[in-house]
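Nothing in this text is a laboratory measurement; each read-out follows from the coordinates by a stated rule. The structure displayed is predicted, hence computed values, not measured ones.
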Amino acid sequence: MSILYLPIKLILIIARHFKHKRNINALVITCYYFYYILNNKLYKRNSSSAIYWAAKFRRAGTAQKAVPFVNINNLIKPLLLATGEGYIDIVCLLLKQGALINVPRKGESVLLELLWRGNTKIVKLLLEYRAEVKLVNRRIPLNTAISYGQKDIIYILWDAGAQLDRFT
């Protein structure tokens, strides 16, 4: 009897006993039957690493499959990675899922970490999702954009209501 004729419940039990995700993945890529049964289980089990990988290598399809299983607190690092690389499709997906953009990571918000790169499209997108333009962890995004010489971003932030720190 071929393994393809095993009941779905038995295949799920077998997959549950694999210790490593690579073993489940090896089973998933063998045929469509296993892909159909186990692929969502694989994403559910490894959603954080899948979303990070998708953000790093601009794999929107992978990100879309992994996002429903990820806790929004685990979206900050992939969001920073995708914004830094300029992957607007991944950034948009993560923002729609509710990624926290005003929570400082290592003292910086997503907007502050992005300013030196000069990507105006992603800055506009972050502002649409209410990125903080005033004081963020004792730093003001407009002052930061000025210090990096990002002329286009300075105008975007100014139009969004950012103000200068008069002590800078």
> How far, in degrees from 0 to 90, does helix 88-97 lean away from the longest principal axis of the Cα atoms of the chain, to the nearest 10?
Replying inline: 80 degrees
> How many angstrom separate the Cα center of the range 20-45 from the Cα center of the range 51-66?
Replying inline: 17 Å
> What are the extents of the Cα atoms of the range 46-100 along their three principal axes, listed from largest to smallest and rounded to whole Å?
Replying inline: 24, 20, 15
> Using alpha-carbon pairs under 8 Å, 6+ residues apart, how would you state the relative contact order of the chain in percent?
Replying inline: 13 percent
>> Could you identify which residue out of I24, I156, I11 has the top mean-square fluctuation in a GNM of the chain using Cα springs shorter than 10 Å?
In response: I11
>> Distance cut-off 19 Å, Cα to Cα: go down the list K96/K134; K44/K65; K9/K44 and report the pairs above it.
In response: K96/K134
> What value, in deg cm²/dmol to 500, does the helix sum -39500 (n - 2.57) over DSSP H runs of n ≥ 4 give at 222 nm once divided by the residues of the chain?
Replying inline: -17000 deg cm²/dmol
>> Counting just the Cα atoms, what span does the range 1-122 cover along each of its three principal axes? Round to the nearest Å and put the largest first.
In response: 61, 21, 21
